[in-house]
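Take this structure first; my questions come after.
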Amino acid sequence: MAHILAVDDEQAILDTLARILKRDGHDVTAVTDPLTVTSLDLGRFDLMLCDVMMPGIDGFELVRQIRPRFDGPILFLTAKVAEDDAVTGYGMGADDYIRKPFGAAELRAKVQAHLRRERRAHTHALSFGNVRIDLGARQLLVNGTVVALTPSEYAICELLARRRGQVLSRSQILEAAFGWEREADEAAVSMHVSRARKKLATAGADPIATVWGMGYKWQL
């Protein structure tokens, strides 16, 4: 069972989310007022579903504010499909999108995929010079300092590090790191890699190389 936070200004949508997710035994906390989310104990939640278009504060800004305090997967619920909107969402710290109107099977599949990724058992670490990946804590450190990666960014780094020197395409990364069997979004992989590389560069590391026309590889 996972503890899921669902934020949407429409009660009917929250009721639908709760009804679907409770079939898998999850506990759902529904919030209609996004302005109250910042006062919640976010550490008790395993995953967050967040609408984009809401009064008072939109989903993008809400996620930007809470991402430093919440390290679980964040999935946006949105009717928007434009690439610019996706780029904005990933830039704020989102891990995935579920487009409205959504089906029960898609919602359950995506939630389960992200939860499985978070709960994989890890018992050791990978080290590459000044870069260390703590597989148990699911953290990447540069010179002993933790780099604040989102779950999706970390998953990609771990995958590439485990396959050091091997070039992986965006579709391979999408399938191997996330296990998404439904709607593929290879553009999201590029965004996650770009954000991870910027954070790693700021910390003093450049472990991910772009192999033009092919994909990415861990070069340390």
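May I ask you to verify whether Ile208 is surrounded by 20 or more Cβ atoms within 10 Å (Cβ to Cβ) and within 16 Å of the chain's Cα centre (by Cα)?
no
Looking at the range 144-160, which of its residues are touching a residue at least 40 places away in the same chain (Cβ under 8 Å), surrounded by fewer than 19 Cβ atoms within 10 Å (Cβ to Cβ) and not in a loop (DSSP other than H, G, I, E, B)?
Thr145
Those residues that are at pLDDT below 95 and of a type in the set (Gly, Ala, Ser), I need them from the range 14-38; list them, please.
Listed by number, the list holds a single entry, Gly25.
Here is a follow-up. Restricting attention to the range 10-28, report how many residues are of a type outside the set (Gly, Ala, Ser) and surrounded by fewer than 16 Cβ atoms within 10 Å (Cβ to Cβ).
Number of matching residues: 8.
Name the residue that is modelled with the highest pLDDT, counting only residues in the range 90-106 that are under 19 Å from Pro73 (Cβ atoms), in a loop (DSSP other than H, G, I, E, B) and of a type in the set (Gly, Ala, Ser).
Step by step, filter the range 90-106, then rank; the result is Ala94.
Can you tell me which residue is farthest from Tyr97 (Cα to Cα) among those in the range 107-129 that are touching a helix residue (DSSP H, G or I) at 6+ places or on another chain (Cβ under 9 Å) and not in a helix (DSSP H, G or I)?
So the residue we want is Phe128.
Still on this model: Considering only residues that are closer than 17 Å to Arg67 by Cβ and in contact with a Lys or Arg (Cβ under 9 Å, 6 or more places away or on another chain), which ones fall in the range 6-54?
Within the range 6-54, Thr38, Leu42, Gly43, Asp46, Asp51, Val52 qualify.
Further question: For the range 95-119, enumerate the residues that are under 17 Å from Ala177 (Cβ atoms) and hydrophobic (A, V, I, L, M, F, W, C).
Hits for the range 95-119 are Ala109, Val111, Ala113, Leu115.
In this structure, does Ala30 turn out to be assigned by TED's automatic domain parsing to the domain that holds Asp96, outside any helix (DSSP H, G or I) and more than 19 Å from the chain's Cα centre (by Cα)?
Yes; evaluated as a whole, the condition is true for this residue.
From the list Ala187, Ala177, exactly one residue is surrounded by 18 or more Cβ atoms within 10 Å (Cβ to Cβ), at pLDDT below 95, among the small types (Gly, Ala, Ser) and not in a loop (DSSP other than H, G, I, E, B). Which is it?
Sole residue among the options that is surrounded by 18 or more Cβ atoms within 10 Å (Cβ to Cβ), at pLDDT below 95, among the small types (Gly, Ala, Ser) and not in a loop (DSSP other than H, G, I, E, B): Ala177.
Another question about this same structure. From the residues in the range 29-59 that are among the charged types (D, E, K, R) and touching a Leu at 6+ places or on another chain (Cβ under 7 Å), which one is surrounded by the most Cβ atoms within 10 Å (Cβ to Cβ)?
Of everything passing the filter in the range 29-59, Asp51 is surrounded by the most Cβ atoms within 10 Å (Cβ to Cβ).
The values are calculated or read from the model by the stated rules, or taken from the named source; none is laboratory data. These numbers come from a predicted model, not from an experiment. Glycine gets a Cβ as well: all are built from the backbone with ideal geometry, and neighbour counts include every protein chain shown.
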